[in-house]
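First the structure, in the form of structure tokens, and then the observations on it.
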Amino acid sequence: MKTVSLCAVLFIFAACKTSPPASSCRYSGVVKDLSGIDGCGLVIEMKDGTTLLPVEFAVPGFTLKAGEAVKFDFMELKDRVSTCMGGRIVRIECIEETK
């Protein structure tokens, strides 16, 4: 009887669905094309004017497009250097297009 009860409880918990986690994309910005500046390409300009140079993406398959509004989160890569003097070098941890 204990085995049946335990199996029933486990089945109930396994059948429950959890809601997806809230988006961890905390920042907003716009993708800008700075390819006219030596060593630069697509960057993200944050609402406060900070420019980010994304060099790594934790999100496979996402492609930046100039003019695109995005919501994202990042980690600064302080051990990296770039020939583009346009901003902070970052790894994009999450990103999604906004309308």
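We did not get these values from a lab; they are worked out from the coordinates using the rules stated. Note that this is a predicted model, so its numbers are computed, not measured. Cβ sites come from the backbone with ideal geometry, for glycine too, and all protein chains shown count toward neighbours.
Cross-link pairs exceeding 20 Å in C-alpha to C-alpha distance, out of Lys32/Lys78; Lys32/Lys71; Lys71/Lys99, comprise Lys32/Lys78.
Taking every alpha-carbon pair within the range 29-99, the share separated by more than 19 Å comes to 25 percent. Under a 5 Å amide H cut-off, with hydrogens placed 1.01 Å from N, Ile89 pairs with Leu53, Leu77 among residues at least 5 apart or on other chains.
Once both labels are positioned 7 Å from their Cα atoms along Cα-to-Cβ, the gap between Lys78 and Arg26 label points is 1.7 nm. Across the range 21-97, Cα pairs under 8 Å and at least six residues apart give a relative contact order of 36 percent.
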